[in-house]
Amino acid sequence: MISTSTLTIGRQIVNIKEKREITTKQEQSLIEKIRGLTPEKVEEVEDFVDFLRQRNIDRRLTQAATKLSEKAFQKVWDNPDDADYDKL
């Protein structure tokens, strides 16, 4: 499944597409594995999941900022002096 997240940076709204594929079977398998862990290990799993979620948010923000900057940099990138670099 591909979902679209909407990020707002300043006054700009940017849509970022991301792929999310997890089945009920995978969810159930993870739950069963977590239930078999000690409370300390469950905390570690939760910390790791939080880390993964934050990393995903950071990547989406980077993608959104990159997308927003394309228009601003287009004037710099699209010029006759740099046309030779476009051929590389």
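The values are calculated or read from the model by the stated rules, or taken from the named source; none is laboratory data. Since the structure is predicted, the reported quantities are computational estimates derived from the model, not experimental observations. No Cβ is skipped: glycine too gets one built from the backbone with ideal geometry, and neighbour counts run over all protein chains shown.
For residue 24, are the conditions met, namely being at pLDDT 75 or above and loosely packed, with under 10 Cβ neighbours inside 10 Å? Yes, satisfied. Within the option set 63, 74, 54, being touching a residue at least 12 places away in the same chain (Cβ under 8 Å) and in a helix (DSSP H, G or I) holds for one residue only, 63.
Residue-by-condition table, conditions (1) in contact with a strand residue (DSSP E or B) (Cβ under 6 Å, 6 or more places away or on another chain); (2) aromatic (Phe, Trp, Tyr); (3) on the phi > 0 side of the Ramachandran plot; (4) surrounded by 10 or more Cβ atoms within 10 Å (Cβ to Cβ):
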residue	(1), (2), (3), (4)
38	no, no, no, no
41	no, no, no, yes
54	no, no, no, yes
60	yes, no, no, yes
65	no, no, no, yes
72	no, no, no, no
